[in-house]
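Please treat every number below as a calculation from the coordinates, not as lab data. This is a predicted model, so every value here is computed, not measured. Please note: Cβ atoms are built from the backbone with ideal geometry, for glycine as well, and neighbour counts cover all protein chains shown.
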Amino acid sequence: MKIGSLKEVFLTSAKDIFLFDYRVAGLDARTMGTCRDVLDSFICFTGNILVKDLTPDHVRIYIANLSDGPSEGEDHIRLVINHYAVIHEWIRWICAQKFITERNSALVKPPRFLTRRFAVLSTLQNSGYARRRPGNLWH
């Protein structure tokens with residue numbers, strides 16, 4: 001099942017708007033750079049498709065491919081978790097912006113080795129961004 005969209009928005013445009021929104025909210029440059037790199041990698045992997053054509057399988061395959069990478073150990077696990085966290089937050093933001101009107105009930109599950117909160121999401125939450133936005137998605 002594909003994700004529905006109100007607008008004909010490409011992933012690169014959604015990424016640029018997301019990064020601009022977070023920059024205005026005061027997210028630090030290091031975290032912004034990480035988000036940009038992760039989303040650029042994801043978009044390069046999936047192709048610059050329309051947001052409405054993005055499916056949970058795109059995320060699943062990307063994370064599975066990243067998980068099976070040549071690296072091993074704690075640093076590689078942290079990298080996969082951070083990629084998942086950034087993509088997850090970006091998709092939540094896309095939903096909040098009403099780019100998406102329909103969500104698949106088969107949500108993408110985090111990598112199976114994930115046992116603690118994501119460092120990137122904690123950084124985003126601690127930055128105060130979630131407290132300043134109406135319709136706060138943080139629980």
Residues in the stretch 79-102: is at least one in contact with a Leu (Cβ under 6 Å, 6 or more places away or on another chain), in contact (Cβ under 8 Å) with a residue 60 or more places away in the chain, among the polar types (S, T, N, Q) and within 22 Å of ASP16 (Cα to Cα)? yes
Tally, over the stretch 37-76, of residues that are outside any loop (DSSP other than H, G, I, E, B) and surrounded by fewer than 16 Cβ atoms within 10 Å (Cβ to Cβ): 14
